[in-house]
Amino acid sequence: MATEKPLVRDVDVVVIGAGISGINSAYHLQTRCPNLSYTILEGRRELGGTWSLFKYPGIRSDSDLHTFGFSWEPWNQPQAIAEADAIKTYLESTAKRHHIDEKIQYEHFVHKLSWSTSDQRWTLDVEHRGEKLTYHCLEDFKGTIVHPQFWPEDLDYKNKNVIIIGSGATAVTLLPNLAKDAKMVTQVQRSPGYFLVLPENDPADAWIKAKLPTWISRRLIRFKYLLGGLLIYNYCRLFPEAARKMLRKGIAQQLPEGTDMDPHFKPSYKPWDQRMCITPGGDYFKAYREGRAEIKTGKIKTVTGDGLIMESGEEVKADIIITATGLKIQVGGGAQLLVDDKPVDLADKFLWKGCMLQDVPNLWYVIGYANASWTLAADASARLFTRMINNMEAGGKKIVAPYLTAEQQKQMEKDNVQMLPLNSTYVTSAMTKRAVPRAGKSGNWKPRVNYFLDMYRAVFGDIKSGVRYN
């Protein structure tokens with residue numbers, strides 16, 4: 001929790017955000033760049049990011065913690081897919097053990113970042129306050145409307161009819177947990193997605209822990225999940241039709257006998273064109289088998305006083321509507337970015353090695369993977385930027401910034417791709433609204449999708465092509 005401490009105003013490095021990526025970045029900074037001072041600015045009153053902000057029932061990771069957790073502080077709990085409280089405890093204890101919590105300045109919200117070439121430094125406009133969160137409800141509905149991000153801890157859904165709007169990880173997590181006490185939970189989705197059923201406690205992990213020393217077993221289990229995730233992703237991309245059949249067969253085995261797969265469990269896109277949902281132990285499907293949940297697929301025509309009406313004309317009654325949709329990508333926390341008093345339009349820029357913005361000096365973004373555990377890419381980014389900082393220090397340089405020649409810029413404008421290689425609505429919407437930078441199709445400007453390659457390049461790869469040191 002937040003404690004008042006003297007405001008740190010002048011440091012070598014500022015980390016914005018005390019979530020899992022911020023804590024990871026801080027560890028690598030203090031370990032690999034021990035002579036540099038740093039602080040972490042966190043807009044909220046506690047660390048943990050997602051895992052302390054969201055309060056809805058059953059919130060859990062959608063990646064295994066052996067790879068989602070820190071490489072330098074292995075996850076040692078039996079459950080690979082963990083709930084928020086366990087993850088938050090892990091983050092808090094890790095930050096405390098490595099004295100990272102002492103560097104956090106809570107309730108410091110960054111509004112603007114300004115780079116001055118003449119001063120060779122960033123200046124941040126920071127508001128020190130408590131954060132107030134608000135949202136708008138669907139006006140016609142007379143019951144209770146809840147967004148998972150602002151979950152009321154006293155919400156009573158026992159013996160109530162509940163509608164969950166959405167088909168992503170939040171909806172898939174909420175449904176089995178609400179179905180335990182609700183009268184009926186109805187998931188309303190515009191389009192279906194793919195599912196991967198994983199064991200709650202993998203017997204292979206238990207065997208490895210029992211047979212091998214701790215220092216070996218932790219590394220072996222982490223490698224097992226790293227390799228397994230990469231193999232599944234590449235199989236889906238290389239053999240999409242075979243993967244589609246395999247995944248649909250797995251779903252059919254989980255559903256009640258005689259359930260029609262179309263349209264509720266027949267995605268129109270290829271596997272891993274969008275992020276795949278994980279259901280530990282098949283808890284999502286168990287709710288359907290036990291008759292405590294149902295699903296409706298299609299577009300919503302309107303919201304009424306006691307539920308909603310689908311475009312098909314079907315009416316769904318509810319006491320509570322949960323809007324588990326509407327995720328928005330916000331790069332840099334929405335802070336305004338200026339270079340020599342000129343605003344930077346993110347959509348006009350390209351990302352170098354997935355973490356540096358074209359023509360913007362001494363700024364590194366920590367962006368995770370879309371196709372694997374987020375923290376893996378965050379770890380590769382941290383190794384890369386600490387290496388670059390040390391390279392600058394050794395060479396007496398003060399500034400580093402990626403750049404494109406006029407010819408390269410012209411080519412990239414004609415031939416570019418999304419920063420995150422998914423066609424999910426929240427990704428395409430961010431591109432349409434010009435809220436995110438772009439990526440190229442080759443070289444250091446390509447999106448990152450392979451942890452092993454990215455980590456190798458971060459530690460041993462070229463850090464001079466496409467960037468200028470001054």
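Miscellaneous remarks
- In the stretch 64-83, the residues that are buried (at least 21 other Cβ atoms within 10 Å of the Cβ) and either outside the structural domain of Ser21 (by TED's automatic domain parsing) or of a type in the set (Gly, Ala, Ser) (or both): Gly69, Ala80, Ala82
- Residue match in the stretch 244-265 (condition: in a strand (DSSP E or B), crowded, with 18+ Cβ neighbours inside 10 Å, modelled with pLDDT under 95 and out of contact with any helix residue (DSSP H, G or I) (no Cβ under 9 Å at 6 or more places or on another chain)): no
- The listed residue being buried (at least 24 other Cβ atoms within 10 Å of the Cβ), of a type in the set (Lys, Arg) and in the same structural domain as Tyr27 (by TED's automatic domain parsing), out of Lys349, Lys353: Lys353
- Residues of the stretch 265-307 satisfying the condition of being within 30 Å of Pro78 (Cα to Cα) and among the hydroxyl-bearing types (Ser, Thr, Tyr): Thr279, Tyr284, Tyr288
- Asn423 vs. criteria closer than 30 Å to Gly19 by Cα and either free of Cβ contacts under 8 Å to residues at least 60 places away in the same chain or among the polar types (S, T, N, Q) (or both): yes
- Residues that are touching a Ser or Thr at 6+ places or on another chain (Cβ under 7 Å) and surrounded by 15 or more Cβ atoms within 10 Å (Cβ to Cβ) within the stretch 268-284 comprise Gln274, Arg275, listed in sequence order.
- Number of residues in the stretch 419-456 that are outside any helix (DSSP H, G or I) and in contact with a Lys or Arg (Cβ under 7 Å, 6 or more places away or on another chain) equals 6.
- Criterion applied to Gly291, Gly334 was being loosely packed, with under 15 Cβ neighbours inside 10 Å, under 30 Å from Glu107 (Cβ atoms) and of a type outside the set (A, V, I, L, M), and the one residue passing it is Gly334.
- Total residues in the stretch 249-282 satisfying the condition of being touching a residue at least 40 places away in the same chain (Cβ under 8 Å) and either touching a Cys at 6+ places or on another chain (Cβ under 7 Å) or over 17 Å from Gly298 (Cα atoms) (or both): the figure is 15.
- Pair list, Cβ < 7 Å and 6+ apart or interchain, from the stretch 331-350 residues that are at pLDDT 90 or above to residues that are aromatic (Phe, Trp, Tyr): Leu338/Trp115; Val339/Trp115; Asp340/Trp115; Phe350/Trp445
- Any chance Met310 is surrounded by fewer than 18 Cβ atoms within 10 Å (Cβ to Cβ), out of contact with any Asp or Glu (no Cβ under 8 Å at 6 or more places or on another chain), under 20 Å from Ile165 (Cβ atoms) and among the aliphatic types (A, V, I, L, M): yes
- Being in a helix (DSSP H, G or I) and surrounded by fewer than 20 Cβ atoms within 10 Å (Cβ to Cβ) is a property that does not hold for Arg468.
The values are calculated or read from the model by the stated rules, or taken from the named source; none is laboratory data. The structure presented is a predicted model; accordingly, all values stated were derived computationally and were not measured. Heads up, the Cβs are rebuilt from the backbone with ideal geometry, glycines too, and the neighbour counts pull from every protein chain shown.
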